[in-house]
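I have placed the structure first, in the form of structure tokens, so that the comments after it can refer back to it.
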Amino acid sequence: MSTGREDGLYHAFAKQYQDYFAKNGVTLELKPSQGSGENLRRLREGEADIAFIQGGVASNRQQAGTLLEDLLSLGSAFYEPLWVFVRGDKIPKKLSELKGRRVTIIQESVSSRALGYRLLAANELSEQDVHLMPMDEMKAAEALQQGKLDALFVITGQEAPVVQLLLRSSTVRLMSFAQAEAYHRRFPYLFHLTMPEGAVDLVRDYPPQDTELLAATVNLVIREDMHPALQSLMLSAMREIHGGSGFFQARGEFPAYKDSDFPPSPDAERFYASGPPFMQRYLSFWLAVLIQRFLVLAIPLFTLLLPFMRFAPALYQWRIHARLCKIYGELKFLEKDLSRNQTEEMCRELIKRLNFIEETADRMPIPLRYTDMLYTLKAHINLVRKRAERGGDRGKIAEEKEV
């Protein structure tokens, strides 16, 4: 899994995924990176199976002619708001009002900086117009509080230390985007969020009014050949880690397919429609996967065997009939011998053969449902035996007359 900076939010969430996978007997290797751009490259080149990708990064790469085939989205995991902190009595409501001020875009990642530049360009502001000053996040936060900066851009989650620090600073204010909905229409990967009055601090009543913000989504993107069972495990982890309520999301809002930069994985679509696979709801991950693999083999095999199973009863009945017919054949030959010769000695020999045939029939394994056929055979054997006995009596009388 390609994450982000080791001290960043992406990597912190990735550690939670690593723990979740470990509980289910799967080892998840984490690979820190410089952000979504490097994550995307690793996915394309096969260096990672799954990665965090900020909304909008892929669409800009595609516009630049970069092919992003064989990549699918498991959905969005959380919002990553754009925070614009300003210093001064007059708080701007539009980015165009920052012209001539000292501004820095925190270098959280290449993709975050690129988004900041893109928004400034949309307001016809160049780097010279806003006196962009490169700084790392803590130095930038300190400079803003000391009056060395007029505005600070940072694109990260509300849990980030720099955001929490500046939200509680008495000398810094958070800018509210008066044109938030217009940005959403122009940049579909940016969402319009509202931070309610008092959400940060009820006692200080901060922010003092509803604040309109912009946010990108952070999406989990995978390679197309990722095993469906691992996709399901990742989706379950997303639901557990990101499914709670927060500043900008209701409980159960994430994970969800919100960003259309990548086509959704078919397994993710099924997960969002009906939840995790049935067996994974009640069984451990490995046991559920083992049973699923067995079913993958068993169902086609059952399909192949189904026509045979339809004819199996008839085939079994035919085998029983064949065994009985063989005995009937012997009985028929014996009856012919009896009709040709009815001397006493010959009749005794035929009776011995009849007894042997009857013993053979008795030893034959016949299911209960076919016992009527067995008893019919024994009745016929008994009929021939009586005829042989009568023939023997007549042969004996004839011999006595000759004597």
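The values are calculated or read from the model by the stated rules, or taken from the named source; none is laboratory data. This is a predicted model, so every value here is computed, not measured. Note that each Cβ is placed from the backbone with ideal geometry, even for glycine, and that neighbours are counted across all protein chains shown. Just the protein is used for accessible areas: all its heavy atoms, side chains included, with ligands, DNA and RNA removed. Shrake-Rupley method; radii C 1.70, N 1.55, O 1.52, S 1.80 Å.
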Just to confirm my numbers, what's the Cα centroid distance between the stretch 1-35 and the stretch 166-196 in Å?
29
Relative contact order of the chain, pairs being alpha-carbon contacts under 8 Å that are 6 or more residues apart, as %
17
With a probe of 1.4 Å, find how much accessible area the chain has per residue, and write the answer as a whole number in Å².
54
Top mean-square fluctuation among Pro81, Pro367, Pro207, Gaussian network model of the chain, C-alpha springs under 10 Å?
Pro367
I want to verify the translational diffusion coefficient of the stretch 141-284 in µm²/s; compute it with Stokes-Einstein, Rh as the Kirkwood radius over Cα pairs, at 20 °C and 1.002 mPa s.
120
Local net charge near Asp337, Cβ-Cβ under 12 Å (Lys/Arg +1, Asp/Glu -1):
+2
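For the pair Phe311 and Thr371, what calculated FRET efficiency results from E = 1/(1 + (r/R0)^6), where r is the Cβ-Cβ distance and R0 = 30 Å, to the nearest 0.05?
According to the calculation, E is roughly 0.80.
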With springs connecting C-alpha atoms under 10 Å apart, model the chain as a Gaussian network and identify which of Thr27, Thr156, Thr376 has the largest mean-square fluctuation.
Thr376
The stretch 174-227: trypsin sites (Lys or Arg not before Pro) in DSSP loop, at most 12 other beta carbons within 10 Å:
Arg204
Apply the Debye scattering formula to the stretch 3-154, with a single equal point scatterer on each alpha-carbon and no solvent, then give log10 I(q)/I(0) at q = 0.08, 0.18, 0.20, 0.21 Å⁻¹.
-0.29, -1.10, -1.24, -1.31
Need the full-extension length gain, Arg41 to Ser284, defined as separation in residues times 0.36 nm minus the C-alpha distance. One decimal, nm.
84.1 nm
With springs connecting C-alpha atoms under 10 Å apart, model the chain as a Gaussian network and identify which of Leu119, Leu306, Leu30 has the largest mean-square fluctuation.
Leu306
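FRET efficiency for Lys15 and Ser96, Cβ-Cβ distance as r, R0 = 25 Å, nearest 0.05?
The formula returns an efficiency of 0.05 here.
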Which percent of the accessible heavy-atom area of the chain goes to carbon and sulfur, probe 1.4 angstrom?
54
Debye intensity ratio I(q)/I(0), log10, the chain, q values 0.07 Å⁻¹ (C-alpha model):
-0.50
For each pair in Lys336/Lys378; Lys332/Lys386; Lys90/Lys258; Lys23/Lys258; Lys94/Lys139, compute the distance between the two Cα atoms and list the pairs where it is over 23 Å.
Lys90/Lys258; Lys23/Lys258; Lys94/Lys139
Count charges around Ile366 for me, please; just the other residues with Cβ under 12 Å from its Cβ, Lys/Arg as +1, Asp/Glu as -1.
+3
Using the Cα centre as the reference, give the magnitude of the dipole from point charges on the C-beta atoms of the stretch 98-178 (Lys, Arg: +1; Asp, Glu: -1; all else neutral), rounded to the nearest 20 debye.
200
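To the nearest 0.05, how large is the calculated FRET efficiency for Met364 and Glu335 if R₀ is 22 Å and r is the Cβ-Cβ distance?
In this case the efficiency is close to 0.65.
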Which number comes out as Rg/Rh for the stretch 140-226 once both Rg and the Kirkwood Rh are worked out on C-alpha atoms?
1.05
Calculated P(r) of the stretch 73-149 - Cα pairs past 15 Å, %
60
Sorted by chain and number, the residues with a modelled amide H under 5 Å from that of Gln54, at a separation of 5 or more or across chains, are Ser36, Asn219
Could you tell me how many cubic angstrom of Cα convex hull volume the stretch 161-209 has per residue?
90
Mind grabbing the base-10 log of I(q)/I(0) for the stretch 207-260 at q = 0.12, 0.24, 0.28 Å⁻¹? Debye formula, identical points on the C-alpha positions, no solvent, two decimal places.
-0.38, -1.07, -1.23
